[in-house]
Amino acid sequence: MNDQEIFIKIVQDAKDLPDLLRKYASEAWMVTGKVLEPSFLSLLDMQIEQSSRGPLWTDKLKDRKQAMLPYCNQRLLKGRIDIGKDVYWIQVAPDSMELVYWELYEAYQDKLK
């Protein structure tokens, strides 16, 4: 399977994702693979410490780091799924076939409240 197919399979099987996201998994695009470097986690630490975008954003960064930490130095796939005006970013670990993290793109966070 290629990265796109692996990503779709993981998203479809991820019980922690809303049904709607799993349903639209085959619509994923911009799927890319990259090793999660310790430097990225350090960057998150710096952004968390600065808290320049306020407490809600800082909490999101903390959640992102917590989810990614166990996958440091591993290759992750990141992809985007658009459903109407909502944009979701999802990260998965292809080696373990696990969901790592997902979020609704920040511009649309008001819809979650």
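List of remarks:
- Remark: segment 12-22, residue by residue, has Karplus-estimated 3J(HN,Hα) of 4, 8, 6, 5, 7, 8, x, 3, 4, 5, 5 Hz, where x stands for each Gly or Pro and the curve is 6.51 cos²θ - 1.76 cosθ + 1.60 at θ = phi - 60°.
- Positive minus negative residues near VAL11 (Lys, Arg vs Asp, Glu; Cβ under 14 Å): -3
- Residue-averaged [θ]222 nm for the chain, counting only DSSP H segments that reach four residues, each worth -39500 (n - 2.57): -11500 deg cm²/dmol
- For LEU76, the residues whose amide H sits under 5 Å from its own are LYS34, VAL35, LEU36, ignoring neighbours fewer than 5 places away on the same chain, with H placed 1.01 Å from N.
- Gyration tensor (alpha-carbon) shape descriptor, the chain, a/c threshold 1.5: oblate
- Along segment 72-86 the Karplus relation, 6.51 cos²θ - 1.76 cosθ + 1.60 evaluated at θ = phi - 60°, assigns HN-Hα couplings of 4, 6, 10, 7, 10, 10, 10, x, 10, 10, 9, 10, x, 8, 8 Hz to successive residues, with x for each Gly and Pro.
- Close amide-amide hydrogen proximity is noted between TYR101 and GLN91, each under 5 Å apart and 5 or more residues distant or on a separate chain (H modeled in the peptide plane; Pro and chain starts excluded).
- 3J(HN,Hα) along segment 62-67: 4, 4, 4, 5, 4, 5 Hz, from the Karplus curve 6.51 cos²θ - 1.76 cosθ + 1.60 with θ = phi - 60°, whole Hz, x for Gly and Pro.
- Ascending count of other beta-carbon atoms within 10 Å, so fewest first, for ILE81, ILE10: ILE10, ILE81
- Neighbour cut-off at most 11 other Cβ (10 Å), DSSP loop, chymotrypsin sites (Phe, Trp or Tyr not before Pro), segment 1-75: none
- Charge tally in the Cβ shell below 9 Å around TRP29, where Lys, Arg are +1 and Asp, Glu are -1, TRP29 excluded: -1
Since every read-out is calculated from the coordinates, none of them should be taken as a lab result. Quick caveat, the model's predicted, so the values are computed rather than measured. Here Cβ is always computed from backbone atoms with ideal geometry, including for glycine, and neighbour counts include all displayed protein chains.
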